[in-house]
Amino acid sequence: MLNAQRSTESGAGRYGEKEYAGFWYEMQQDNEQGLYKIYHDLYDNFYHYGISVVLDKGMVKEAINDIFVDIWRKRHQLGMPESIQAYLFISFKRKLYKLLTKSQKGTVLADNQLFPEPEEQPYETMLIRQETDSLVKEKLEKMLELLTTRQKEFIRMRFYEDLSIEEIAIKTAATPRTIYNTIHNALVRIREVYTDASFIALLLLLIDLEN
Amino acid sequence: MDLQQYKAEDFILNDSFVRYCLRSNDADVQFWEDWLERYPHKQEEAIKAREWLFRLGLRITPEEKEAEFGKLKAAISVADTPVKKFSWRKIVRIAAAALLPLAAATWWFTARQPAAPAVATESYTLFKAGDSLRRQVMLADGSLVILNAHSTLKVPASYNQQKRNLVLEGEALFEVAKADNKPFVVSSGNLQVQALGTAFKLRAYYYDKQAAVTLVEGRVRVAQETAVAELQPGEQLITGKAHARFVKNKFDEERENAWRSGRLVFHNASPDEIAATLTYWYGVNVKVITRKNKPIRFNGVFNNKSLHEVLAAVCFVNGLESVTKNDTLWVQPISK
């Protein structure tokens, strides 16, 4: 649901199946531009879904690129799927699941399901897990504990679910002014963590470049 | 609340600002671009707000996405060669250079500001590749441009409506998406190159007396003053920048492919070769001077490295330093 809601607002997924069929055909004629158009159109939706179930940003990005490279490799063997979007989405889910099992080799996965659906994770977990630096993770975790349930809920609704403050007001029966102030207070705390975070990210990158 | 008093917390709670960051409403984009141009001292907090917005929304930033797309392209370009397990890690490292978050964020604010309407009333989006690194630009129709260092691409607001006209200063490679009824034309001064479904490169730096059109695949039509020529793949056309003097020849495909892949190789290179290569690669005029009794040979491989990094290596190994004087980069013995 969330996906559909956000995709319309951010302008992603602007093409329909008819255009997709055209792009797919272009791709099968060895024109990679067709593939690229599909990629740009689906990327945000895929990323959004991926990050909600898998938690690791790097893994999600890798999975998305992987399926597009796979499809390019197999383009001459593949037919025209009935629904290209559905076909790609299922491929993407499978890829995520594969990467996930590979990364948790130690843990035993229930093998009585043919293809278990990855579960959507709570917002806080996602926030923490998207950070790559362990120090930032720790700080963020502590900071989130300091925030009230209400603060976290409003932040999630405003920025993750992309609801307007008025929409949140209708849903939660709080006044827009209260919602505004609650988020504002929370952001002051978030500032401390994120300001450090971007500094560390930059530092890590510089170190990486030097090597 | 007065916009002048805004901190990041206030920016992010402003709905219009959020729509600007997500580029979901043109009027908001226009408003904030103008506003931030007028009040540059507010950019720091605005950049922060934008970063928080992407993090809290668990969204991928446009810069990250562009980097991912670069990796995909690189992978696709080798995907047709015999199957070998492809390593993303390698590409991650290469792409990291393009990802300096602050640089990227700053670029986002500066590079997208529309240029002042110079000739016509039409507004342009200006894409600028920095002084030492190239960048990729994906256009609205899916065409891809690799903009070489030191180059500027002007994209009119009406691009891809009926026509696809671009203006280039410097050098760029164009991979043109097919659209039969919308001609794709790049101009630089009085020189015009029209693509007929294709990948081509146009070089016309302001300091070069000549301009060059290099055709990688497909077909192009080149027009300047009254002269017109068509190129076949593998052909290069050289002409005067001010006036048409068409000369066709074959170009060095190996060198061209190396440029495309971003891999710069020096093999036992002499000072002249170093200068010529750097000039070709980064679009700056380079002169290398050495002491008479100290011959130089340089070896090295650079993957998507900036001019500064390459220069640092060349200078360090040979005891040289680099100085910029009058549009020319002089690489010379360290003065005492």
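The values are calculated or read from the model by the stated rules, or taken from the named source; none is laboratory data. Computed from a predicted structure; not experimentally measured. Note that each Cβ is placed from the backbone with ideal geometry, even for glycine, and that neighbours are counted across all protein chains shown. Accessible surface is based on the protein model in full, side chains and every heavy atom, while ligands, DNA and RNA are left aside. Shrake-Rupley method; radii C 1.70, N 1.55, O 1.52, S 1.80 Å.
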**OP:** Set the Förster distance to 51 Å, then compute FRET efficiency between B:Leu3 and B:Asn299 from the Cβ-Cβ distance, nearest 0.05.
**Re:** 0.40
Original post:
For B:72-79, what's the mean count of beta carbons from other chains sitting within 10 Å of each residue's beta carbon?
Top reply: 5
Original post:
Just counting partner chain Cβ atoms within 10 Å, what average do the residues of peptide A:157-167 show around their Cβ?
Top reply: 3
Original post:
Quick one: Cα centre-to-centre distance for segment B:248-309 and segment B:193-240, in angstrom?
Top reply: 23 Å
Original post:
Which of the lysines could a cross-linker bridge to A:Lys152, judged by Cα under 18 Å and excluding same-chain residues fewer than eight apart?
Top reply: A:Lys137, A:Lys139, A:Lys142, A:Lys171
Original post:
What number, in nm² with one decimal, is the all-direction average of the projected area of the convex hull of the alpha-carbon atoms of segment B:7-59?
Top reply: 3.2 nm²
Subject >> Buried on assembly, segment A:39-88 (at least 30 Å² less accessible surface than by itself, 1.4 Å probe) >> reply: A:Tyr39, A:His40, A:Tyr43, A:Asp44, A:Tyr47, A:Lys61, A:Glu62, A:Asn65, A:Asp66, A:Val69, A:Trp72, A:Arg73
Original post:
What does the charge count near B:Gly262 come to, summing +1 for each Lys or Arg and -1 for each Asp or Glu among other residues with Cβ under 9 Å from its Cβ?
Top reply: +4
**OP:** Pairs to check: A:Lys57/B:Lys65; B:Lys250/B:Lys287; B:Lys48/B:Lys73; A:Lys93/B:Lys48; A:Lys74/B:Lys305. Give those whose C-alpha atoms are more than 21 Å from each other in this structure.
**Re:** B:Lys250/B:Lys287; B:Lys48/B:Lys73; A:Lys93/B:Lys48; A:Lys74/B:Lys305
**OP:** Considering Cα pairs under 8 angstrom that are at least six residues apart, work out the relative contact order of segment B:208-255 and quote it in whole percent.
**Re:** 36 percent
**OP:** Could you grab the relative contact order for chain B? Cα pairs under 8 Å, six or more apart, rounded to a whole percent.
**Re:** 9 percent
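Tell me the relative contact order for segment B:267-308 as a rounded percent, counting alpha carbon contacts under 8 Å between residues six or more apart. Present the calculation step by step, with values, prior to reporting the outcome.
Details: 33 pairs, mean separation 20.8, N = 42.
Averaging sequence separation for qualifying contacts and normalising by length gives 50 percent for segment B:267-308.
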Original post:
Under the rule of -39500 (n - 2.57) per DSSP H run of 4 or more residues, summed and divided by the residues of chain B, what mean residue ellipticity at 222 nm is obtained, to the nearest 500 deg cm²/dmol?
Top reply: -10000 deg cm²/dmol
Original post:
What is the log10 of I(q)/I(0) for segment A:14-61, computed with the Debye formula using one identical point scatterer on each Cα and no solvent, at q = 0.19, 0.28, 0.32 Å⁻¹?
Top reply: -0.65, -0.90, -1.03
Subject >> Neighbourhood charge, 11 Å Cβ-Cβ cut-off, centred on B:Gln210 and excluding it, Lys, Arg +1 and Asp, Glu -1 >> reply: +3
Original post:
For B:Ala312, what charge total do you get from the other residues with a beta carbon under 11 Å from its beta carbon, if Lys and Arg give +1 and Asp and Glu give -1?
Top reply: -1
**OP:** Round to the nearest 10 and give me the degree value, 0 to 90, for the angle of helix B:43-56's Cα axis relative to the longest principal axis of chain B.
**Re:** 80 degrees
Original post:
Shielding of B:45-58 by partners, i.e. mean partner chain Cβ atoms within 10 Å per residue?
Top reply: 5
Subject >> Mean Cβ neighbour count within 10 Å, used as a protection proxy, ranking A:29-38, B:22-31 highest first >> reply: A:29-38, B:22-31
**OP:** Classify segment B:262-333 as rounded, prolate or oblate from the Cα gyration tensor: take a ≥ b ≥ c as the square roots of its eigenvalues, call it rounded if a/c is under 1.5, otherwise prolate when a/b beats b/c and oblate if not.
**Re:** oblate
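Between B:Glu33 and A:Arg94, what FRET efficiency follows from the Cβ-Cβ distance if R0 is 41 Å, with the result rounded to 0.05?
So, using R0 = 41 Å, E works out to roughly 0.50.
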Original post:
So for segment B:262-333: antiparallel DSSP bridges make up what percent, rounded to the nearest 5?
Top reply: 75 percent
Original post:
Of B:Ile289, B:Ile76, B:Ile12, which has the largest mean-square fluctuation in a 10 Å C-alpha GNM of chain B?
Top reply: B:Ile76
